[in-house]
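Here is the structure we will look at.
What follows is calculated from the coordinates using simple rules that are stated; it is not laboratory data. Everything quoted here is computed from the prediction, not taken from an experiment. Positions of Cβ are generated from backbone atoms using ideal geometry, with glycine treated the same way; all protein chains shown enter the neighbour counts.
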Amino acid sequence: MAYKCEFGNGQEVYIENQGVQTVVTLASGSPGQQQQASTGFQTGKWTLPPTLFRTATGVILRIESEQGQSFVQLQAGGISTMSGTPALGNAEVLSLQQVEIRQSQGMPPMEPMKPMEPMRPMEPMKPMEPMEPMKMGDMEMNMNPMQMRMGNMSMQMGSSSFATSGKRFCSQCGAAVTPSDRFCSNCGYQL
């Protein structure tokens with residue numbers, strides 16, 4: 001036996017008696033986003049269908065079984081058993097709908113998914129068109145080969161040194177080096 005009830009606000013509860021255990025699944029969500037919590041309780045075999053009550057603090061489920069009455073609190077935060085009998089005098093009784101067992105596992109039966117179409121291979125990227133050098137004041141930048149000139153300084157991609165009016169500098173620490181130097185005399189970096 002299994003039952004479900006919709007509370008509104010996208011919340012539903014599914015209640016199922018599996019032998020001596022009652023499984024309660026609380027599902028909530030909106031299109032595209034679904035959350036659910038499921039908990040099982042040792043209640044024994046049901047003697048009457050379950051009853052749901054809406055109270056000021058949430059929803060209370062009453063299970064009547066061979067072991068007596070059990071009460072379960074259902075809130076947005078989760079599902080928990082209650083010790084003792086809650087005051088249900090002013091509570092609203094919610095209607096339960098009997099459903100097939102397979103529907104009580106969390107959600108109604110789903111439509112089979114359509115198989116995904118295979119992905120098409122990506123087309124290779126087209127090579128970049130040669131660009132005109134970009135200029136701004138005394139700064140000029142070329143993309144192929146990657147070069148940048150500003151005033152009397154120039155930098156080229158793949159080069160490990162900066163050049164300023166014929167002088168060379170260590171690319172690690174910036175100290176002046178001569179073309180014949182193999183190591184920087186300041187930091188020891190291999191030039």
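Quick notes on this one:
- Radius ratio Rg over Rh of region 1-68, counting only Cα atoms, Kirkwood formula for Rh: 1.00
- Under 5 Å between amide hydrogens, built in the peptide plane, is the criterion, and for A175 it picks out C170 among residues at least 5 positions away or on other chains.
- Coupling constants for region 59-70 follow from the phi torsions by the Karplus curve (6.51 cos²θ - 1.76 cosθ + 1.60, θ = phi - 60°), and in residue order they are 10, 10, 9, 10, 10, 10, 9, 4, 8, x, 8, 10 Hz; glycine and proline get x.
- A compact globular protein would have a Cα radius of gyration near 2.2 N^0.38 Å; the ratio found for region 43-95 is 1.09.
- Label of the coordinate-derived value, P(r) over Cα pairs in 10 Å bins from 0, in percent, listed as (i) 9, 40, 39, 12, 0; (ii) 7, 22, 15, 6, 4, 6, 11, 16, 11, 2; (iii) 9, 31, 30, 16, 10, 4, 0: (ii)
- Rough spin-label spacing in nm, given labels placed 7 Å along Cα→Cβ, for E92 and K135: 7.8 nm
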